[in-house]
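Colleague: Take this structure, written in structure tokens, and hold onto it; I'll ask about it next.
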Amino acid sequence: MYTLNHINLKIDDNKFILLAGETGSGKTTLIRCMNGLIPQFYAGYYKGSIEIAGQKTTERSIADLSTIVGIVFQTPENQLIAMNAEHEIAFGMENLGISQGKIKEKIEEVVQLTNIEDILEKAPFEISGGEQQRVAIASVLALEPQILILDEPTANLDPYFAQKILKLLKTIQKEQHITIIIIEHRLDLVLPYVDEIILMKEGEILEQDTKEKVINGKIFKELKINKPLIYSIFHDLKERNLIEAPIPVSLHEAINLLKQKL
Ligand SMILES: Nc1ncnc2c1ncn2[C@@H]1O[C@H](COP(=O)(O)OP(=O)(O)OP(=O)(O)O)[C@@H](O)[C@H]1O
Ligand SMILES: [Mg+2]
């Protein structure tokens with residue numbers, strides 16, 4: 001039995017994409033395929049091919065691929081290995097043989113972008129979960145990936161810091177014109193930033209479309225995932241024929257819709 005089946009996925013440039021699906025549906029496995037970890041690091045049966053920026057993931061080393069696809073894993077403390085944030089960010093670049101001058105420049109840039117000036121000298125265990133997330137994001141961004149993938153980046157954060165991280169990611173995506181793929185269970189928080197949604201179930205991709213289309217579709221309705229509160233309210237209003245418009249995807253849209261109604 002394969003963990004993933006019939007995967008046929010095309011990811012565009014310059015998009016903020018949410019990857020959602022029930023637990024065990026294969027989300028983490030799918031993103032591990034995108035940077036070559038599967039099949040290069042995890043052993044198993046593998047059929048088919050994946051191209052990232054025109055390159056087959058089986059024909060480039062994982063280090064090479066990390067300059068195209070950067071992944072931030074769910075528990076950043078496992079990803080942070082250096083003695084402090086500054087070394088952490090430099091580490092990947094040093095491995096790629098980038099010059100010290102360029103490394104310094106890049107560190108300054110990503111530190112500013114992720115707002116971690118004050119914690120550069122601190123060890124991973126001396127900083128909070130949210131700060132660890134930022135350091136992990138900064139070290140991945142330093143390699144200038146065209147695609148940034150994050151596996152539940154807000155799982156260990158309270159809603160306030162989760163919101164901050166998501167806002168930061170949207171800013172980075174827009175400023176750097178990269179594609180972000182995010183696995184995130186808090187749809188309430190992430191939805192306003194998202195362009196496109198990919199829905200997975202039992203190792204297959206059920207749907208990939210704009211968030212407006214996905215949210216208003218039958219597959220989303222039936223999937224056993226944590227629905228945004230706005231979705232539940234407006235879905236109920238629609239079922240009772242109290243509202244006809246499509247279900248709004250942000251608080252802002254919901255308010256506008258209600259204003260028109262009242
Ligand atoms: N290294 C592995 N070897 C074999 N099977 C695995 C491995 N990792 C995960 N699986 C299996 O693959 C399936 C998909 O797992 P995956 O971690 O991709 O799901 P997920 O959608 O990320 O779930 P969650 O939302 O809980 O993180 C599960 O049935 C899991 O048990
Ligand atoms: Mg997972």
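The values are calculated or read from the model by the stated rules, or taken from the named source; none is laboratory data. Remember, predicted model here, so these are calculated numbers, not experimental data. Backbone-built Cβ (ideal geometry, glycine too); neighbour counts: all protein chains shown.
Colleague: When the residues of segment 1-56 are narrowed to those that are more than 16 Å from ligand 1 (Cβ to nearest atom) and surrounded by 13 or more Cβ atoms within 10 Å (Cβ to Cβ), which ends up nearest to L166 (Cα to Cα)?
Modeller: Among those that are more than 16 Å from ligand 1 (Cβ to nearest atom) and surrounded by 13 or more Cβ atoms within 10 Å (Cβ to Cβ), it is F16.
Colleague: Every residue in segment 207-257 that is in contact (Cβ under 8 Å) with a residue 40 or more places away in the chain, within 23 Å of G24 (Cβ to Cβ) and not in a helix (DSSP H, G or I), please.
Modeller: Q208, L223, K224, I225, N226, K227, P228
Colleague: Another question about this same structure. Between a residue in segment 138-153 that is within 16 Å of ligand 1 (Cβ to nearest atom) and any residue that is not hydrophobic (A, V, I, L, M, F, W, C), which pairs come within a Cβ distance under 6 Å, given they are 6 or more apart or on different chains?
Modeller: Note: pairs meeting the criteria are D151/T28; D151/Q74; E152/Q74; P153/Q133.
Colleague: Within segment 60-89, how many residues turn out to be within 16 Å of ligand 2 (Cβ to nearest atom) and not hydrophobic (A, V, I, L, M, F, W, C)?
Modeller: Here the count works out to 5.
Colleague: Would you mind telling me which numbered condition in (1) more than 16 Å from ligand 2 (Cβ to nearest atom); (2) under 30 Å from R186 (Cα atoms) G48 fails?
Modeller: (2)
Colleague: Could you list, in sequence order, all residues of segment 188-224 that are at pLDDT 95 or above, of a type in the set (A, V, I, L, M) and surrounded by fewer than 21 Cβ atoms within 10 Å (Cβ to Cβ)?
Modeller: I205, L206, I219, L223
Colleague: Filter segment 125-153 down to residues that are surrounded by fewer than 20 Cβ atoms within 10 Å (Cβ to Cβ) and either within 22 Å of the chain's Cα centre (by Cα) or farther than 20 Å from F73 by Cα (or both), then give me how many there are.
Modeller: 7
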